[in-house]
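Trainee: One structure coming up, written as structure tokens, with questions to follow.
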Amino acid sequence: MRTRALVAAATGALALTALAVPAAQADGGHGDTRITKVVVDGDNKVSIGTGSAKTFSVSVTATDGSGILGADSFDLKGPGYGWELTGKPSCKKASATTSTCTASVKIDPRTDYLGNAMAGTWYVGAWIDAKDRDFVWKEKAGSFKFQRGSAVTTNASPEPVKKGKTLTVTGRLSRANWETLKYGAYSGQSVQLQYLKKGAKAYTTLKTVKSNSSGNLSTTVTAGADGYYRYVFAGNSTSGAITSTSDFVDVK
């Protein structure tokens, strides 16, 4: 079996130094065991803020002619010497030959010493054992985005406003700084301004606005009817997607 860093296994904390990262091993295996799918937290994106812990799941689906016996704890590795070890997976049989093994891991930005450089693409290392003693080990069985949490606000004014008059919609985009445990301005990012007419069922995108050096957002629209305005940030490889609370405007 693989050698693990005992300090990380004992604390569950992300390792910040190269000394704590286990040595890389080449993919390997024996027999017909194969990993067919890896899913992290449902959509392969994990967004972490600054004020609370987050527990997320890691699921690895594997197949073997004899059936799947079990799995080792999954290794999660990312940039900035990021490393985490999940708990022991529980495997659920999907068929005589295929099982999905799922484990969870808890990360707390207040105690796990996250560095901003850790945001980005992380990889799942998985060791799966079959019932006939076949096995497979893949260092990069799957990947996911480990993201700094984002926040965005919306404020439309004046309220109420006369029909045909100009409405100014402002807001601010920020994201988590794991090193200071505060949210800071997120500049130069494209954010969509969306509108939902009162009584309608779906939002429409009015325009795209870029955040300035202070993270601020500002644009104008012509008031036409009562409705809700919101800013939507789609996120990226290092920052989570976020939608603001809607601001209702009464048009006279």
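Trainee: Restricted to segment 63-84, and to residues that are under 20 Å from ASP134 (Cβ atoms) and part of a strand (DSSP E or B), which residue is most open to solvent (accessible area, probe 1.4 Å)?
Mentor: LEU69
Residue-wise test of (1) in contact (Cβ under 8 Å) with a residue 40 or more places away in the chain; (2) basic (Lys, Arg); (3) in contact with a Lys or Arg (Cβ under 8 Å, 6 or more places away or on another chain).
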{"site": "GLY149", "(1), (2), (3)": "yes, no, yes"}
{"site": "THR153", "(1), (2), (3)": "yes, no, yes"}
{"site": "SER157", "(1), (2), (3)": "no, no, no"}
{"site": "LYS162", "(1), (2), (3)": "yes, yes, yes"}
{"site": "LYS165", "(1), (2), (3)": "yes, yes, no"}
{"site": "GLU179", "(1), (2), (3)": "yes, no, no"}
{"site": "LYS182", "(1), (2), (3)": "yes, yes, no"}
{"site": "TYR186", "(1), (2), (3)": "yes, no, yes"}
{"site": "VAL191", "(1), (2), (3)": "yes, no, yes"}
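Trainee: Also, I was wondering about something else. Kindly indicate whether ALA200 is out of contact with any Lys or Arg (no Cβ under 9 Å at 6 or more places or on another chain), at pLDDT 95 or above and among the hydrophobic types (A, V, I, L, M, F, W, C).
Mentor: Yes; evaluated as a whole, the condition is true for this residue.
Trainee: Of the conditions (1) of a type outside the set (A, V, I, L, M, F, W, C); (2) more than 30 Å from THR243 (Cβ to Cβ); (3) within 17 Å of the chain's Cα centre (by Cα), ASN44 satisfies every one except a single condition; which number is it?
Mentor: Every condition holds for ASN44 apart from (2).
Trainee: Also, quick follow-up: So SER190 ticks every box in (1) open to solvent by 40 Å² or more (accessible area, probe 1.4 Å); (2) under 18 Å from the mean Cα position of the chain (by Cα) but one. Which box is left unticked?
Mentor: (2)
Trainee: I'd like the full set of residues that are in contact with a Gly (Cβ under 7 Å, 6 or more places away or on another chain) and closer than 17 Å to THR238 by Cα, limited to segment 51-83.
Mentor: Listed by number, the residues that qualify are LYS77, GLY78, PRO79, GLY80.
Trainee: Let me ask something else about it. In segment 39-62, which residues are closer than 28 Å to THR97 by Cβ and open to solvent by less than 20 Å² (accessible area, probe 1.4 Å)?
Mentor: So the first thing to find is which residues in segment 39-62 are closer than 28 Å to THR97 by Cβ, and the list is 39-44, 56-62.
Across segment 39-62, the qualifying residues are VAL40, PHE56, VAL58, VAL60, ALA62.
Trainee: Considering only segment 85-175, give the strands (runs of 3 or more DSSP E) lying wholly within it that have at least 2 residues that are of a type in the set (Ser, Thr, Tyr), open to solvent by 20 Å² or more (accessible area, probe 1.4 Å) and closer than 19 Å to VAL60 by Cβ. Show your work before the answer.
Mentor: On the way: elements: 90-93, 98-107, 120-130, 135-148, 150-152, 155-157.
Because the criterion is at least 2 residues that are of a type in the set (Ser, Thr, Tyr), open to solvent by 20 Å² or more (accessible area, probe 1.4 Å) and closer than 19 Å to VAL60 by Cβ, the strands (runs of 3 or more DSSP E) in segment 85-175 that meet it are 98-107, 120-130.
Trainee: Those residues that are open to solvent by 70 Å² or more (accessible area, probe 1.4 Å), closer than 29 Å to LYS163 by Cβ and of a type outside the set (S, T, N, Q), I need them from segment 208-247; list them, please.
Mentor: Once the filter is applied, which keeps residues that are open to solvent by 70 Å² or more (accessible area, probe 1.4 Å), closer than 29 Å to LYS163 by Cβ and of a type outside the set (S, T, N, Q), segment 208-247 yields LYS210, TYR228.
The values are calculated or read from the model by the stated rules, or taken from the named source; none is laboratory data. Predicted model, so just to flag it, every value in this text is computed and none were measured. Here the Cβ is made from the backbone with ideal geometry for all residues, glycine too, and neighbour counts use every protein chain on show. All accessible areas refer to the heavy atoms of the entire protein, side chains included, with ligands and DNA or RNA removed. Shrake-Rupley method; radii C 1.70, N 1.55, O 1.52, S 1.80 Å.
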